[in-house]
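Chemist: Mind looking over this structure? Questions follow.
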Amino acid sequence: MVESTDDAIVGKLLDGHILSWNGGAERIFGWSASEIIGCNIRVLIPADRQEEEDRIIASISRGERVPTFETIRQRKDGTKINVAITVSPVLGDDGRVIAASKIARDITESIRIKKRLELSEERFRLLADNMSQLAWIADRDGWLFWYNKRWFDYTGTTLEEMQGWGWRAVHHPDYVEAVANRFAEHIASGEDWEDTFPLRGADGEWRWFLSRATPIRDEAGNIIYWFGTNTDVTEMRDAEQRIELLLQEVNHRSKNMLAVIQSLARRSDADQPDFIERLEKRIRGLAANQDLLVRRAWSRIPVMEMIEAQLRSLADSRRQIVCEGPDVLLSPKAAEALAMAFHEMGTNAMKYGALSVPEGQVLVRWSLNRDGGAREVFRIEWIESGGPPAREPTRKGFGTRIIVDVPRVKLDAKISTEYLQEGFRWGLECAAASIS
């Protein structure tokens, strides 16, 4: 039995001289029995571990067994080897300790496997604790017994609080029952689980998480664990809601724009020879304002930008226009109403008014002031001079509706128009709230 074992079994005297040496010892350490018997056991011990033998001899001399411990010994060729050693006292007929029996097992492979396991565990810990998701593991019945560091950092909880079904404590009360029931259904069916719900953070804030869990199966196909993650999708969910609202807004505005174009087409005096030209110009004016709104992400627009967008089509005549006013922001609705009016007045001025002659001039000025009380009032004017005398139209065409009726209705404004010898004048006054 001694010769057939893979372990090294060595007998030695208390002074360390070797008495017996089995085949296992020869295989592990490289010395044959004929070479090593009679030598001191210390030849197997590296120089930096000689004190181990001193402690062993002291324990054996007291009749004490040395429990198994892991250490390093050296072979005949000088290479080091990891071994697990157990040393027991050998008693003589009179009961005194006369020798020691040492069993050494080669644990090189065990150490290698242990180091690989430790490395694997360390890598898993690095991955699990530094991944962006909260992660957890449950047994086959859904009992959660492990969470990664992200979970505890976010929730401010401990494993003792969260193990089992303790996770319910950080779920929103409006959703927790539905989540628990759905999770239990998937645990029973063995199907992958997915759900979206809010979790409470350590700061008391609720954030939305997309949560998934997949079963881990053994070779026979039986579920042994569930591995789950929770991914924070709060910003993504908010973005999706904003996109949905934006699409609804685009749909609404598209319908409104089509209605405006239909109105332009119906009211642009189709019998007139320049019907197509006037309709195209009005649509281009609308398009210019839409481009401005898109660039501004449908937010408020400075008055100056709105005016510039509409007067850009006037080419060189734009130099005859002077703009004066403070920084005032217009809502998209106000910008649309005023843009149509300014485009129409610019076109009319090019044809019949101050911009039809080189010496003509247009002054556009606006202000935002209090009316003597608490109410803020917005005023804007279009004043032509140096051109042909203005003549009041004999009939109220669609152009007049654009510069008078549209802003008056949309902005709840007072509109004034004057056809003077020195040129056309237009003015608008409304509450500041109507344009914001």
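Chemist: Please list log₁₀ I(q)/I(0) at q = 0.19 Å⁻¹ for segment 114-229, using the Debye equation with identical point scatterers on the alpha-carbon positions.
Modeler: Log10 of I(q)/I(0), two decimals: -1.08.
Chemist: Using only alpha-carbon positions, what ratio does the radius of gyration of segment 363-436 give when scaled by 2.2 N^0.38 Å? Please report the intermediate quantities before stating the final value.
Modeler: Values: Rg = 13.7 Å, N = 74, 2.2 N^0.38 = 11.3 Å.
Relative to the 2.2 N^0.38 Å estimate, segment 363-436 comes out at 1.22.
Chemist: Report, to the nearest whole %, how much of the accessible area of the chain belongs to carbon and sulfur atoms, 1.4 Å probe, protein only.
Modeler: Of all accessible area on the chain, carbon and sulfur atoms account for 52 percent.
Chemist: Beyond 43 Å, what share of the Cα-Cα pairs of the chain remains, rounded to the nearest whole percent?
Modeler: Here the long-distance tail beyond 43 Å is 59 percent of all Cα pairs in the chain.
Chemist: How much of residue 352 can a 1.4 Å solvent probe reach, expressed as accessible area in Å² and rounded to 10?
Modeler: 150 Å²
Chemist: Can you list residues whose amide H is under 5 Å from residue 39's amide H, if they're 5+ apart or on another chain and H is modeled 1.01 Å from N?
Modeler: Here the answer is 18, since their amide H atoms fall under 5 Å of that of residue 39.
Chemist: With a cut-off of 8 Å between alpha carbons and a minimum separation of six or more residues, what is the relative contact order of the chain in percent?
Modeler: Averaging sequence separation for qualifying contacts and normalising by length gives 8 percent for the chain.
Chemist: First obtain the Kirkwood hydrodynamic radius of segment 294-394 from its Cα pairs, then insert it into the Stokes-Einstein equation at 20 °C and 1.002 mPa s, and state the resulting D in µm² per second as a whole number.
Modeler: Estimated diffusion coefficient is 146 µm²/s.
Chemist: Can you list the residues, at least 5 places off or on another chain, whose amide H is less than 5 Å from the amide H of residue 31, using H built in the peptide plane?
Modeler: For residue 31, whose amide H was placed from the backbone, the distant partners under 5 Å are 76.
Chemist: With every protein chain present, what is the per residue accessible area of the chain (1.4 Å probe, Å²)? The partial results should precede the final answer.
Modeler: On the way: 24390 Å² over 436 residues.
Spelled out: the 1.4 Å probe surface of the chain, per residue, equals 56 Å².
Chemist: Can I ask one more? What does the charge add up to near residue 182, with Lys and Arg as +1, Asp and Glu as -1, over the other residues with Cβ less than 10 Å from its Cβ?
Modeler: Result for the local shell: -4.
Chemist: Separation of segment 307-331 and segment 188-219 by C-alpha centroid, Å?
Modeler: Computed from Cα coordinates, the inter-centre distance equals 56 Å.
Chemist: When N is the residue count of segment 1-79, what does its C-alpha Rg come to as a fraction of 2.2 N^0.38 Å? Present the calculation step by step, with values, prior to reporting the outcome.
Modeler: Details: Rg = 12.4 Å, N = 79, 2.2 N^0.38 = 11.6 Å.
Scaled against compact globular proteins, the figure is 1.07.
Chemist: Can you pull the three principal axis extents for the Cα set of segment 49-133, in Å, largest first?
Modeler: 70, 31, 19
Chemist: A follow-up question, please. When the Kirkwood hydrodynamic radius is evaluated over all pairs of different C-alpha atoms of segment 55-103, what value in angstrom, to one decimal, is obtained?
Modeler: 11.9 Å
Chemist: I'd like the projected area of segment 175-234, averaged over all directions, using the convex hull of its alpha carbons. Report it in nm² with one decimal.
Modeler: That works out to 4.5 nm².
Chemist: Let me ask something additional. Once you compute Rg and the Kirkwood Rh from C-alpha atoms, what is the Rg to Rh ratio for segment 155-199?
Modeler: Expressed as Rg/Rh, it is 0.99.
Chemist: Taking H as built 1.01 Å from N, whose amide H comes closer than 5 Å to the amide H of residue 209, not counting residues under 5 places away?
Modeler: It is 197, 199, 233, by chain and number.
Chemist: Once you compute Rg and the Kirkwood Rh from C-alpha atoms, what is the Rg to Rh ratio for segment 1-144?
Modeler: Checking Rg against Rh, the ratio lands at 1.19.
Chemist: Ratio of alpha-carbon Rg to the 2.2 N^0.38 Å globular estimate for segment 88-181, to two decimals, please.
Modeler: Here the Cα radius of gyration is 2.01 times the empirical estimate.
The values are calculated or read from the model by the stated rules, or taken from the named source; none is laboratory data. What you see is a predicted model, and the numbers here were worked out from it, not measured in a lab. Quick reminder, even Gly has a Cβ in these numbers, built from the backbone with ideal geometry, and neighbours come from all protein chains shown. Accessible surface areas use protein heavy atoms only, side chains included; no ligands, DNA or RNA. Shrake-Rupley method; radii C 1.70, N 1.55, O 1.52, S 1.80 Å.
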